[in-house]
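The values are calculated or read from the model by the stated rules, or taken from the named source; none is laboratory data. Nothing here was measured: the structure is a model prediction, and the numbers come from that model. Positions of Cβ are backbone-derived with ideal geometry, glycine not excepted, and every protein chain shown enters the neighbour counts. Side chains included, ligands, DNA and RNA excluded: accessible areas come from the protein's heavy atoms. Shrake-Rupley method; radii C 1.70, N 1.55, O 1.52, S 1.80 Å.
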Amino acid sequence: MHGLRLISGVIMVLLAACTDRSFTPTVPEALELGTPKTIFAATNREPLPDGTFGSERTDGVSLLELTVSIPPDHKPGSLKFGYAKPDPSTEFTMAGRKTFATEAAFSARLQQELAKFPKKEREVTVFVHGFNSTQAETAFRAAQLTHDINVPGATVIYSWPSKGRPLGYAYDGDSVLFARDGLEALLRKLRASAVERIVVVAHSMGGLLTMETLRQIEIKTPGWTAQNLGGVILMSPDLDVDVFKSQMQRFKQVPQPFLIFVSRKDNVLTLSQRLRGLNGRERLGNLDSIDAVSGLPVEVIDTTAFADEAESQHFVAASSPALIALLNGARETADTFTHSQDLLQKILPGQIVIQDSTIKVALESTPADNR
């Protein structure tokens, strides 16, 4: 079975390599059909003459507002887009791009967006993408995820300079280290702009970037992350377990809630293990047992039971219709019982427990030893 999964992963890489993902046009007319979703962006990708951003690195950080058109036939968990020739009736389409000249202008527009929500929902979700991602793909994924799970408040993507190519793994790994300062600056600026609550959601290699950034923040300002972040979610993190534990040791206090979504059927992480020569060594995102992180103040959400029907086995939480429905139901149930919980507790009250293929949601926290 492991051999078949590896072959499937290689085939996925080769197929992706055949698609031109370098350009995604802006199509304002898409909003005549689709539902608009505002996505703010901070990026240290190099700006291109056509107004888009490529894969090269730059020292400056550009601040943008992107408008994504969600197609009318969109189904939860599905993400379809057509790159150079999108069909707005069936595919996610970029409908608007705006670059802010100053940080003050960005902050003012962000506050304007937050003002649309009730005060208790004026949170900012910062989405940090993973390996092999273009800026447009990141905006589409953030729009799809927050739309499908009905996340309140504003969404900001941190678009670090991924090569956006299947064979760019080494370049992306170096870019993660390059991008740490930019993510730290973004988080500090958001907090300084009177945003009440910030939640960081990181996928795949973005989990490594997030942990490295939070670690360096803690070294400079012990206790800052717990005081200023409303939660951290690592989804399918492509991160060595020992490295993760060493990063956690730097925290004066770990932000809560701190959730890790894992799947034992994650074909991309299995491929990552093979590429690194770690055939028998798990990544944080495909842990077989929570014993590896026992004693840490984190909650592990096992999504393996949803992997087979998910559109992406490397992003089950965003692409499994059944899991998305469960998360929405859990959030609505929590809203019925209390309005004082923070954003992530609304989305995931207590823990998701999978026993004998039965999925249960516990409204009260369950000790890790009992899972």
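If you check Gln216 against the conditions, is it within 23 Å of Ala194 (Cα to Cα) and in contact with a helix residue (DSSP H, G or I) (Cβ under 7 Å, 6 or more places away or on another chain)?
So Gln216 fits the description; yes.
Suppose we filter the range 183-203 for residues that are under 11 Å from Ile233 (Cα atoms) and small (Gly, Ala, Ser); how many remain?
1
Assuming Val199 fulfils every condition listed in (1) outside any helix (DSSP H, G or I); (2) open to solvent by 30 Å² or more (accessible area, probe 1.4 Å) apart from one, which condition is it?
(2)
For Asp50, indicate whether it is free of Cβ contacts under 8 Å to residues at least 24 places away in the same chain, farther than 19 Å from Val126 by Cβ, in a loop (DSSP other than H, G, I, E, B) and open to solvent by 30 Å² or more (accessible area, probe 1.4 Å).
On the way: free of Cβ contacts under 8 Å to residues at least 24 places away in the same chain: no; farther than 19 Å from Val126 by Cβ: yes; in a loop (DSSP other than H, G, I, E, B): yes; open to solvent by 30 Å² or more (accessible area, probe 1.4 Å): yes.
So Asp50 does not fit the description; no.
Going by the conditions given, is Gln135 under 25 Å from Asn328 (Cβ atoms), buried (at least 23 other Cβ atoms within 10 Å of the Cβ) and in contact (Cβ under 8 Å) with a residue 40 or more places away in the chain?
Answer is no for this residue.
Just one of the numbered conditions (1) touching a Ser or Thr at 6+ places or on another chain (Cβ under 6 Å); (2) over 19 Å from Glu282 (Cα atoms) is not true of Leu229; which one?
Condition (1) is where Leu229 drops out.
Report every pair of residues separated by at least 6 positions or lying on different chains whose Cβ atoms are under 6 Å apart, first residue within the range 182-203 and farther than 22 Å from Phe117 by Cα, second in a helix (DSSP H, G or I) and open to solvent by less than 10 Å² (accessible area, probe 1.4 Å).
Note: pairs meeting the criteria are Leu183/Thr213; Glu184/Thr213; Glu184/Ile217; Ala202/Thr210.
Scan the range 118-130 for residues that are modelled with pLDDT of 95 or more and either open to solvent by 50 Å² or more (accessible area, probe 1.4 Å) or in a loop (DSSP other than H, G, I, E, B) (or both) and jot them down.
His129, Gly130
So, in the range 100-117, of the ones that are assigned to a loop (DSSP other than H, G, I, E, B) and touching a residue at least 12 places away in the same chain (Cβ under 8 Å), which residue ends up nearest to Ser272 (Cα to Cα)? Walk me through how you get there before you give the answer.
Looking only at the range 100-117, we keep the residues that are assigned to a loop (DSSP other than H, G, I, E, B), and these are 100-102, 115-117.
If we keep only those that are touching a residue at least 12 places away in the same chain (Cβ under 8 Å) too, we end up with 100, 117.
Working: Phe100: 37, Phe117: 40 Å.
This residue is Phe100.
Being in a loop (DSSP other than H, G, I, E, B) and at pLDDT 95 or above is the requirement here; does Phe244 meet it?
In short, no.
Pairs under 9 Å by beta carbon, first residue part of a strand (DSSP E or B) in the range 68-83, partner open to solvent by less than 50 Å² (accessible area, probe 1.4 Å) and β-branched (Val, Ile, Thr), six or more apart or different chains?
Close Cβ pairs satisfying both conditions: Val68/Thr38; Val68/Ile39; Val68/Thr93; Ser69/Val27; Ser69/Thr93; Ile70/Thr93; Phe81/Thr24; Phe81/Thr93.
Could you go through the range 286-307 and let me know if any residue there is closer than 23 Å to Lys120 by Cα, touching a Leu at 6+ places or on another chain (Cβ under 9 Å) and either modelled with pLDDT under 90 or open to solvent by 40 Å² or more (accessible area, probe 1.4 Å) (or both).
Within the range 286-307 (the criterion being closer than 23 Å to Lys120 by Cα, touching a Leu at 6+ places or on another chain (Cβ under 9 Å) and either modelled with pLDDT under 90 or open to solvent by 40 Å² or more (accessible area, probe 1.4 Å) (or both)), the answer is no, since none of the residues qualifies.
Residue by residue through the range 140-189, note down the ones that are in a helix (DSSP H, G or I), over 27 Å from Thr221 (Cβ atoms), of a type in the set (A, V, I, L, M) and open to solvent by 10 Å² or more (accessible area, probe 1.4 Å).
Within the range 140-189, Leu145, Ala170 qualify.
Kindly establish whether Arg97 is within 19 Å of Thr38 (Cβ to Cβ), among the basic types (Lys, Arg), assigned to a strand (DSSP E or B) and in contact (Cβ under 8 Å) with a residue 60 or more places away in the chain.
Criteria met by Arg97.
Restricting the range 6-37 to residues that are open to solvent by 80 Å² or more (accessible area, probe 1.4 Å) and in a loop (DSSP other than H, G, I, E, B), which is modelled with the highest pLDDT?
My answer is Leu33.
Here is a list: Val243, Val262, Val254. Which entry is closer than 21 Å to His314 by Cα and touching a helix residue (DSSP H, G or I) at 6+ places or on another chain (Cβ under 7 Å)?
From the options Val243, Val262, Val254, the qualifying one is Val262.
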